[in-house]
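The values are calculated or read from the model by the stated rules, or taken from the named source; none is laboratory data. Predicted model only: the values in this text are computed from it and were never measured. Heads up, the Cβs are rebuilt from the backbone with ideal geometry, glycines too, and the neighbour counts pull from every protein chain shown. Heavy atoms of the whole protein, side chains included, go into the accessibility calculation; ligands, DNA and RNA do not. Shrake-Rupley method; radii C 1.70, N 1.55, O 1.52, S 1.80 Å.
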Amino acid sequence: MMRRWLAPLALLFWATALSAQDEPDPRLVRAADEVALAYVVTGDSEVDAASEAGLRGLSQVLTARTTVEPGEPIGIDPEQDDLSLLAFLYWPVTEAQAPPSPQAYVRLNHFLRSGGMILFDTRDGDIAGLGGPDGAAALQALAAPLDIPPLAPVPADHVLTRSFYLLRDFPGRYQGREIWAEAPPADAQAAEGVPFRNLNDGVSPVIIGGNAWAEAWAVDENGLPMFSIGSGFEGERQREMTYRFGVNLIMYVLTGNYKSDQVHVPALLERLRQEEVVQ
Amino acid sequence: MSGLTFDPLLSWPLVGALALLGVLVALWSLWRGLRGWAWRGIAGLAAAAALAGPALESGIRHKLSDIVILLDDRSASQSLPGRAEQTDAAVEELTRQLSALPDTEIRRVTVADDPDGTQIGTALTRALAAEPQARVAGVIAVTDGLAHDAPMLPASAPAPVHVLLTGQAQDWDRRLVIEEAPAYGLIGKPVTIRLRVEDQGAVPAQVAQTPARLRILLDGEEMRSLDLPPGVTLDLPVVPEHAGQNVVSIGFDAPQAEVPELTDRNNSAAVQIQGVRDRLRVLLVSGAPHAGERTWRNLLKSDANVDLIHFTILRPPDKMDAVPVDEMSLIAFPTQELFMERIRDFDLIIFDRYRVRGILLPQYYDNIRRYVEEGGAILVSAGPEMSTVESLNLSPLGAILPARPTGRVYAEPFLPRLTEDGERHPVTAGLPGAPAEDAASHWGRWLRMSQVIPDPDAQVVLSGARDEPLLLFSRVGEGRVAMLTSDQVWLWGRGFEGGGPQLELLRRIAHWSMQEPELEEEALLADVSGELAVTITRRTMKVTAGPVRITRPDGQTEEVALTEAGPGRFTARWTAPGPGLYRLEEGDIGRVLALGPAAPREFEQTVASGAVLGPLAEATQGAVLRLSEGMPGLRTVREGRPAHGQGVGGPWIAITPREAASVSGMTHRPLLPGWAWLALIAGLAVAGWLAEGRGRLRST
């Protein structure tokens, strides 16, 4: 009898303890200070290790090539950690993962609404060929309670294709056909003389794909790739493109539609024209 | 209303037949040579006439009195010197003369002052409609003739309309006419007010030659003065200097002459131009992509009045990769163009976590400093890089920044708090959810800030960790600089520990930097509610605010005490005694307030004139006469006759008695009584018989 009363009481105490001015988690404070990349801990130690190594690899690439210099990646448990200090969350989808609790979903939805972004990775390269963002049953189960806007395959003129590098596709360890993001509004029109539609001014809260990006980015302590990609020169080229996708993705998370701004269009236009001539 | 009617005793054919019979008998008698034939015929006809029943019918009539409408104009223009007395005297004299006339009633109509001017037409139309047309014998209007509702004047009237004009023959006036004035203008862009000076009436020769010396004041500050001859149209360029009401007052002194002009109330005008800001151009320079960058973008891109030019340093010059440039989406930062050539196009430059890393040349920083000193604005949102050797403070820009970093970074959670200045400062005052002692919930905390030493003249409005300055403002030359010593305002937007009003705070900081008048620390505001009720608000960073000194249009001053309505806010309610241009002053801050119509309509035209009422008078054969030439006599004439003229004793005007009457019943009287008819017919018959009988005697 007492137990039935204790559980809500404990919850109440826990909630009041949270709202009090206790010290925020130092890992998260560091993440906020250093723009650290974060991944969701799934409980599958192999996947988690790959996620951490992947984000570390991506952080190194970012530090080497751009002004973004993220700190060490951190693993996040959506059940406990305050997501409001994060900007980006990598979420590998595993079959074994237990679905988050309702409180965690409240936190995740707030994270998505307030400008955070989650990259869902089914890590299967869409081998089943279902082609949709909900092709994987596990992802479907995981994402159903989230406030996700209508999705569409990332179009060729999405800002993700030019937030740092110019990209045509978004390979990871696999070269899946499509990745999905928030669908452009129906009234998005191509401005005159501009090859890009002026797409949603907000930033898509989720990117969904299955190219096992973390594995492609992953490096060990010596800075060497942990997983093989393709074969020979082609494989290394694909790994480079994977890094470029990672850089573009983080730039998209941090700068939003910066590259859509008109001010950049004339110069980009010029460059694209040159590229067409080269081909 | 009287006449002969017939009321036949038999039907008309029988009466006719009887008359015919009488005529036939007479003819037969003539043929037979009877000498009484005429008498017989007349007797027959008389009998027929008696049967036809002739009767006299007449109405019962009552004579009705005549109505004279006596209209006196008491509008403001009639209050000019002498006119009221003239009007009183004329009305009194007319009343006396009209009451002396038999069967004449006077209907008094008084045209009072109206915000829309003198409404004589309306009053006249209404008065005529209220009276029976047939009884109106005349209309006499005592006025200066300056009606503002000419279209409402009746086209005609059933009786003469006389206009007796007040004023003197030597009346003259010089006035200012605003032909065209814009209601809105872009700040800093000239707008044109078209105006002229107009002379009216008998202008003295020495005045007609001299131009008017116009004094033009913008918000009470002397802008320029110039000479403008009467009749010449001037296009006056005016530059609205700030948002909100810009009051341009234009006026000239009354010209010196032996006979002064009628009034100086139309010698000045106040034109109110609503200053509107052009689209604001904001240059946002992010030193590196970071979690708070999208906060700035969300703020500035959602503001419809802001054109955002955004540059982020995506790759520093010292980092390279092997990727060919044509596979990159990077463009060179057009620093020369932005910071040298086009810097004055921007209203605000935001340095968002900007690190000095050799991208901007020292002369660019010098140029930015000049830009601020000349009225530009910069806002520095600094992360920990401010405490490093790459700090903006170590660039030439450092000289104008409101604080110097010590090199120390507080990496600890802290709650932003309003300082004492912050509670008064319009940027931070009233931010929702500000930490207060008794409030249960408050803003979320931030996690990192740099320690700075503020300049002595900088204002610290927010404090952070260990009460160190978090948000600082300073003024440099004509420009402004704002500095946020933490980059973590985005945590509020993310809802960390409940978050805070991050968009509102950043919006206010940005707009304060761009000198938005609503966010001025020292401001004297006047909200006009209703006609003349004014709420005066003094916003100040000082602890007290003295009374507001109000200078009335006539130069008198009064003082209105202010009561404290909140930190830095002092208010008072005040009602102006009348329309006009008021000057409000408190300390060294002042503003001009225009209440009511700038130049009252009543005083646009002041020289009495029959131009408006003349056509109506002419159409009704009435007269337009000047009272200054003597009070006209009053006569009565028949309808249709000229109703005015020049008599021996002077001009006269006339009313036309209408002889209207009402019919209250009818009388019906037989022409002759029955016995008289009998006697008449019998007499005629006897006469015929006698004539014939006497003739027979004579012939036999």
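Here is a yes/no grid of residues against (1) modelled with pLDDT under 90; (2) more than 10 Å from chain B (Cβ to nearest Cβ):
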residue: A:M2; (1), (2): yes, yes
residue: A:L11; (1), (2): yes, yes
residue: A:E34; (1), (2): yes, no
residue: A:L62; (1), (2): no, no
residue: A:P73; (1), (2): no, yes
residue: A:L83; (1), (2): yes, no
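In this structure, is B:A291 small (G, A, S), surrounded by 17 or more Cβ atoms within 10 Å (Cβ to Cβ) and more than 22 Å from B:Y371 (Cβ to Cβ)? It would help to see each step written out before you state the result.
Details: small (G, A, S): yes; surrounded by 17 or more Cβ atoms within 10 Å (Cβ to Cβ): yes; more than 22 Å from B:Y371 (Cβ to Cβ): yes.
When the stated conditions are applied, B:A291 passes them.
Among the residues of region B:612-624, what is the count of those that are open to solvent by 40 Å² or more (accessible area, probe 1.4 Å) and more than 20 Å from B:D66 (Cα to Cα)?
The number of residues fulfilling the criteria is 5.
This table checks each residue for (1) modelled with pLDDT of 85 or more; (2) more than 30 Å from B:W296 (Cα to Cα); (3) more than 14 Å from chain A (Cβ to nearest Cβ).
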{"position": "B:G499", "(1), (2), (3)": "no, no, no"}
{"position": "B:A510", "(1), (2), (3)": "yes, no, yes"}
{"position": "B:I536", "(1), (2), (3)": "yes, yes, yes"}
{"position": "B:V548", "(1), (2), (3)": "yes, yes, yes"}
{"position": "B:A561", "(1), (2), (3)": "yes, yes, yes"}
{"position": "B:F570", "(1), (2), (3)": "yes, yes, yes"}
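Out of region A:226-241, which residues are away from chain B (no Cβ under 14 Å) and either surrounded by 18 or more Cβ atoms within 10 Å (Cβ to Cβ) or assigned to a loop (DSSP other than H, G, I, E, B) (or both)?
A:M226, A:F227, A:S228, A:I229, A:G230, A:S231, A:Q238
Per-residue answers, yes or no, for (1) outside any helix (DSSP H, G or I); (2) open to solvent by less than 20 Å² (accessible area, probe 1.4 Å):
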site	(1), (2)
A:E46	no, no
A:A53	no, yes
A:G71	yes, yes
A:P99	yes, no
A:R107	no, no
A:L112	no, yes
A:L142	no, yes
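Scanning region B:635-657 for residues that are hydrophobic (A, V, I, L, M, F, W, C) and surrounded by fewer than 21 Cβ atoms within 10 Å (Cβ to Cβ), which turns out farthest from B:G82 (Cα to Cα)?
Taking region B:635-657 and keeping what is hydrophobic (A, V, I, L, M, F, W, C), we get B:637, B:643, B:648, B:652-655.
Then drop every residue that is not surrounded by fewer than 21 Cβ atoms within 10 Å (Cβ to Cβ), which leaves B:637, B:648, B:652.
Working: B:V637: 32, B:V648: 28, B:W652: 23 Å.
Among those that are hydrophobic (A, V, I, L, M, F, W, C) and surrounded by fewer than 21 Cβ atoms within 10 Å (Cβ to Cβ), it is B:V637.
Any residue in region A:196-215 that is of a type in the set (F, W, Y) and modelled with pLDDT of 80 or more?
yes
Do you know which residues across region B:541-572 are in a strand (DSSP E or B) and on the phi > 0 side of the Ramachandran plot?
Listed by number, the list holds a single entry, B:G566.
Please enumerate the residues belonging to region B:521-536 that are open to solvent by less than 50 Å² (accessible area, probe 1.4 Å) and more than 17 Å from the chain's Cα centre (by Cα).
Correct list: B:E521, B:A523, B:L524, B:A526, B:V534, B:T535, B:I536.
From the residues in region A:73-96 that are open to solvent by less than 30 Å² (accessible area, probe 1.4 Å) and polar (S, T, N, Q), which one is farthest from B:G493 (Cα to Cα)?
So, considering only residues that are open to solvent by less than 30 Å² (accessible area, probe 1.4 Å) and polar (S, T, N, Q), the one farthest from B:G493 (Cα to Cα) is A:T94.
Just checking, does region B:573-588 include any residue being farther than 30 Å from B:G117 by Cβ, among the polar types (S, T, N, Q) and in a strand (DSSP E or B)?
No, because not a single residue in region B:573-588 is farther than 30 Å from B:G117 by Cβ, among the polar types (S, T, N, Q) and in a strand (DSSP E or B).
Find the residue count for region B:450-483, including only residues that are within 18 Å of B:I350 (Cβ to Cβ) and either within 14 Å of another protein chain (Cβ to nearest Cβ) or in a helix (DSSP H, G or I) (or both).
Summing the residues that are within 18 Å of B:I350 (Cβ to Cβ) and either within 14 Å of another protein chain (Cβ to nearest Cβ) or in a helix (DSSP H, G or I) (or both) in region B:450-483 gives 1.
Given the options B:R61, B:R35, B:R40, name the one that is touching a residue at least 24 places away in the same chain (Cβ under 8 Å), buried (at least 20 other Cβ atoms within 10 Å of the Cβ) and among the charged types (D, E, K, R).
Result of the check over B:R61, B:R35, B:R40: B:R40.
Residue-by-condition table, conditions (1) in contact with a Leu (Cβ under 7 Å, 6 or more places away or on another chain); (2) at the interface with another protein chain (Cβ under 9 Å from one of its Cβ atoms); (3) in a loop (DSSP other than H, G, I, E, B); (4) open to solvent by 60 Å² or more (accessible area, probe 1.4 Å):
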{"position": "B:L300", "(1), (2), (3), (4)": "yes, no, no, no"}
{"position": "B:L314", "(1), (2), (3), (4)": "yes, yes, yes, no"}
{"position": "B:A322", "(1), (2), (3), (4)": "no, yes, yes, yes"}
{"position": "B:R344", "(1), (2), (3), (4)": "no, no, no, yes"}
{"position": "B:L360", "(1), (2), (3), (4)": "no, no, yes, no"}
{"position": "B:Y364", "(1), (2), (3), (4)": "no, no, no, no"}
{"position": "B:N393", "(1), (2), (3), (4)": "yes, no, no, no"}
{"position": "B:G407", "(1), (2), (3), (4)": "no, no, no, no"}
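Return only the number of the condition from (1) closer than 23 Å to B:G407 by Cα; (2) assigned to a loop (DSSP other than H, G, I, E, B); (3) more than 13 Å from chain A (Cβ to nearest Cβ) that B:G375 does not satisfy.
(1)
Among the listed residues B:L71, B:L98, B:L45, which satisfies the condition of being part of a strand (DSSP E or B) and not charged (D, E, K, R)?
Working: B:L98 fails: part of a strand (DSSP E or B); B:L45 fails: part of a strand (DSSP E or B).
Selected residue: B:L71, the only one of B:L71, B:L98, B:L45 that is part of a strand (DSSP E or B) and not charged (D, E, K, R).
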